[in-house]
1. Just report the Cα centroid separation between the range 8-86 and the range 92-166, whole Å.
2. On the first, second and third principal axes, largest extent first, how far apart are the outermost C-alpha atoms of the chain in Å?
3. Around LYS37, what is the net charge, scoring Lys/Arg as +1 and Asp/Glu as -1 over all other residues with Cβ under 14 Å from its Cβ?
4. Once you treat every alpha carbon in the range 95-156 as an equal point and sum by Debye, what is log10 I(q)/I(0) at q = 0.25 Å⁻¹?
5. If the chain between LYS161 and LYS3 were fully stretched, how many nm would it gain, using 0.36 nm times the residue separation less the Cα-Cα distance?
6. What is the sum of charges around ALA12, taking Lys and Arg as +1, Asp and Glu as -1, for the other residues whose C-beta is under 11 Å from the C-beta of ALA12?
7. In terms of Cα to Cα distance under 21 Å, which lysines are near enough to LYS164, apart from those fewer than 8 places away along the same chain?
8. Rounded, prolate or oblate: which fits the range 41-93 when a ≥ b ≥ c are the square roots of the eigenvalues of the alpha-carbon gyration tensor, with rounded for a/c under 1.5 and prolate only if a/b beats b/c?
Amino acid sequence: MIKDSVRDAINAQMNREFYSASLYLAMAAYFESMTLKGFSAWMQVQAKEELAHGMKFYHYLVEQGARIRIAAMEAPRGEWGTPLEAFEHALGHEQKVTARIHELMELAMKERDHATIGFLGWFVKEQVEEEANATEIVSKLQLAAAGGAAVLYLLDHELGKRGKAA
Ligand SMILES: [Fe+2]
Ligand SMILES: [Fe+2]
């Protein structure tokens, strides 16, 4: 049986993953408004990934016989000054998510909840990937800022491939 404290913390993280999905969908819509279709496609794939993260927590709670609570969600920000600013926001957001996942892991360790420790291992690794992806795009956008629109359009093409692969 899962302890109430662990259950509540996992439920809260599930809701935060759904918020991440809505934040990235808002970024996808922002990129649409700039006719940066590749950036938008990348963010749409990311939003789906966040929904899948939320569902992993959902199914884990179901397996543990816990009752799931879907929380009210604040509206995400809808505008950014530049694509770089949007991706810096995404990186900062993922760094916060990483900190939350680590807090969850520490709680599971404190409660000696081995099942949850094992379950969370996947998320610990996933956050390394998420931060690496966002960091790489931030770096490329910094180069684009120096190289101008041509570099931005090349990058839009590159990021669009993620949408086609998914
Ligand atoms: Fe996530
Ligand atoms: Fe990922």
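1. Answer, in whole Å: 12.
2. Over the chain, Cα extents along the principal axes are 56, 27, 25 Å.
3. 0
4. Debye output, listed in q order: -0.94.
5. 52.6 nm
6. Residues close to ALA12 contribute a combined charge of +1.
7. LYS37, LYS48, LYS140
8. On the way: a/c = 3.40, a/b = 2.23, b/c = 1.53.
Cα axes put the range 41-93 in the prolate bin.
Computed from the coordinates by the stated procedures, all read-outs in this text should not be read as laboratory data. These numbers come from a predicted model, not from an experiment. Don't worry about glycine lacking a Cβ; one is built from the backbone with ideal geometry, like all the others, and counts go over all protein chains shown.
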